[in-house]
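Presented below is the structure to which this report refers.
The values are calculated or read from the model by the stated rules, or taken from the named source; none is laboratory data. Please read these numbers as outputs of a predicted model, since none were measured by experiment. Methodologically, a virtual Cβ is constructed for each residue, glycine included, from the backbone with ideal geometry; neighbour enumeration extends over all protein chains shown. Areas reflect the complete protein model, heavy atoms only, side chains present, ligands, DNA and RNA absent. Shrake-Rupley method; radii C 1.70, N 1.55, O 1.52, S 1.80 Å.
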Amino acid sequence: MRTWIGVVATILMTLPVMAELQSVEVGGELRIRAQGNINFQNSEGDTARVLIPNQAVWGRPIGASGLGSRYRFDNRGEDRHFVESQTRLHVTAKFSDEVLSFIEFEQNGRWGTDFRSNYITGVDGPGNADISLLQSYIEAQNFMGLPLRIRIGRQTMKQGKGWLVGDLISAVNAFSFDAIRATYSQNDLTIDGWMSKLTETNSGDEDVDFYGLYGTYSGFESISASLYWMYIRDAGSLNDTNFSPGLEWLEDVFGYDDYGATELHTVGTRIWGGFDGFDFDWELAYQFGDASRQGFGFKPVAGIYGDDDAKFGSFGTDLELGYTFDMAWSPRVYLGGAWFEGEDNRDIRFLDLLNPVYKSDASVSFNRLFAHTSMKYSFILDGGQVLSNFQAVRLGIVVQPTKKTELGFELEQFWVDEVFDRPALLFPILSSVWTQESDDNLGLQTSIWGHYDITSDLWVSFRWEHLFSGDAISDGNFSDRYGLQFLQGRNDDDADYVESTIGIKF
C-alpha cells in the first residue's frame, strides 16, 4: 500500500498546474433491454440445483462449487422474462487543453423492483434505485511534455477488442477499475500501462491488485499487432486448518496447508488486419503462475486439505477470418473458432479414498479475466462471459441493407475441452472410482441479430439464439464459471434466448 501512496503522490506533484475552470460538459446514455431466457436457467436465477448427490462422488476433489448447476435445460420450470435499464450521466470539467476531470454516475435496475407504492393499501415507500459511481478520474495530456496521458481514479478500461479486459458486462451493465493508468501514444505505437486495486484490506499484505502492459503497433501495411502482459496478485490469507502449534509444525514438515499468494500471469498477442476484401483477427494468450485461491477449494469431499501447489498453465485463443463481397448489402461471410483450455483432475484411485490426509490435484482452466460482452460466445451457455474449458467453431454472414442497418446470422458448435468422469452407478464408495466419461457435445447454436441506427444518437437492436442441446448438457461437465462450476441440465431440451435493446446518447 505504501508503494501505491508514493506513486500517486509523485504523479500529483508533477501534474501541470490547473488553471481556473474553463468549461463543463454534461452528457449521458440510457439503455433499456427486454429479454427472455427459455428452458435453460433455473427459475431462481443463480440458485444451483444438485442432480448428482455428493455421496456419489465421496472423496473426489470436485471443487468448492460442488455439483450444483444453475442450468436446467428442460421445459418444466418457469422461464425468466424481464426488462432492465441502465442510466449513465457524466460531467467533464476542463481546466485547460491538457487537464480535465471526469465523473460518471450510473443506475441499473429491473422494471418492477423499485416501484414506490402498494396498490392494495396505498402505502408509499422510498424505493431502492441505488445510484453508483462508475467513473471518477483526473486526466492529464502531454504529461511532462511527452505524448503521454495520465489517468488517476476510477475508470472503465477496454484492451484491444475486449477479449480479456473490457468495459461492459452486458448491454446494460458496465464496470470500472480503481487505477493509475499511463498511455503513451506516438505515430503508430501505443503502450498502455496500469496499476489497479481490486480489493483493499486492513490486514497487511492481503490485497488483490491487477497490473498490466498492453502495446499496439499499427505501422505495418494492412496489419496491426499487439503484445501484452497482465498480472493479478491475490494475497488473501488461506488456511485449511488451525491446529495446535505442534500439529501445524507437522503440516509444515510434510508440506500441507502451505498456501502462498495467488499470482496469475497472462501473456498474449493479437494480430489483425485486412486486404482486398479479406479480414482476419487472431488472439492467443497463455497463463501461468500460482493458483492457490483455486487450489484451496479442491478439498476432496469430506477431506481436509486443498491443493496448495495448484498452478495456472493453459492456453486460450480466438481466430476469425472474413471476406466482404463488393456488391449490394456488402455481405461479409466469416469462419472462426475459439479454444479455452480446460483441466479436469476430479477422478480418484481407490487407495486414495483410504488416505485421511489425501491432497488432491486442482482443476484449473483458462481464466478469462474481465471479458467484454462483445466477446460473449453464447447468451445461453456463456452468460456473463464465464464459459471456459470449451472449444467452438462458428460460421456466419453479416449484411448491411442500408447504411444504418446491420443483420447477421451465425451457426456455432460447442464442445467440452476436458470432460468430467461422472459416476457410472450410484453405490457407496464404488461410485467414486467406477466412472464413465461425460459426452463432450454441448450443442449447436443458431443466432440471428440486427441493429438499426434511427439517428446518430438513437438505436435499436434485437437478438435470438436457439441451442440444439448436446448430450454433454445432460451428462454434466465443469465448463461454467471458468471451469470451476458444474454445467448440467435436468434434461437436454433445446433452449432459446431473445432480447431487444434500445439506447440513446445525449
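Can you tell me which residue is modelled with the highest pLDDT among those in segment 1-56 that are part of a loop (DSSP other than H, G, I, E, B) and closer than 30 Å to H451 by Cα? Write out each step before concluding.
Looking only at segment 1-56, we keep the residues that are part of a loop (DSSP other than H, G, I, E, B), and these are 1, 15-22, 39-40, 43-44, 46-48, 51-53.
Filter once more, keeping what is closer than 30 Å to H451 by Cα: 39-40, 43, 46.
Values: N39: 92, F40: 89, S43: 65, D46: 59.
Checking each candidate, the answer is N39.
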Kindly indicate whether any position in segment 102-118 is touching a strand residue (DSSP E or B) at 6+ places or on another chain (Cβ under 8 Å), under 24 Å from R80 (Cα atoms) and open to solvent by less than 30 Å² (accessible area, probe 1.4 Å).
yes
Give the residues of segment 407-435 that are open to solvent by 70 Å² or more (accessible area, probe 1.4 Å) and at pLDDT 95 or above, sorted by residue number.
F409, W415, E418
Select from segment 308-349 the residues that are under 27 Å from the mean Cα position of the chain (by Cα), among the polar types (S, T, N, Q) and not in a strand (DSSP E or B) and list them in ascending order.
N345
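Do we have G274 as modelled with pLDDT of 90 or more, under 22 Å from R154 (Cβ atoms) and of a type in the set (G, A, S) here?
No, not satisfied.
One line per residue, one yes/no per condition, for (1) touching a residue at least 40 places away in the same chain (Cβ under 8 Å); (2) among the basic types (K, R):
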site	(1), (2)
Q135	yes, no
I138	yes, no
L168	yes, no
F177	no, no
D188	no, no
N202	no, no
E206	no, no
T216	yes, no
R233	no, yes
Just a yes or no: is a residue in segment 125-137 open to solvent by 60 Å² or more (accessible area, probe 1.4 Å) and of a type in the set (F, W, Y)?
no
Only strands (runs of 3 or more DSSP E) wholly contained in segment 156-228 count here; list those with 2 or more residues that are within 30 Å of S378 (Cβ to Cβ) and open to solvent by 10 Å² or more (accessible area, probe 1.4 Å).
168-170, 189-199, 208-220
Looking at (1) modelled with pLDDT under 90; (2) of a type in the set (A, V, I, L, M); (3) surrounded by 14 or more Cβ atoms within 10 Å (Cβ to Cβ), which one does A93 not meet, given that it meets all the others?
(1)
I'd like to check something: does segment 444-467 contain any residue that is free of Cβ contacts under 8 Å to residues at least 40 places away in the same chain, part of a loop (DSSP other than H, G, I, E, B), hydroxyl-bearing (S, T, Y) and crowded, with 18+ Cβ neighbours inside 10 Å?
no
Whichever residue in segment 371-385 is open to solvent by 20 Å² or more (accessible area, probe 1.4 Å) and part of a loop (DSSP other than H, G, I, E, B) and, among such residues, is modelled with the highest pLDDT:
F379
Residues in segment 405-433 that are touching a strand residue (DSSP E or B) at 6+ places or on another chain (Cβ under 7 Å), farther than 30 Å from E499 by Cβ and of a type in the set (A, V, I, L, M, F, W, C) total 3
Residues in segment 276-307 that are farther than 16 Å from N239 by Cβ, in a loop (DSSP other than H, G, I, E, B) and open to solvent by 50 Å² or more (accessible area, probe 1.4 Å) total 2
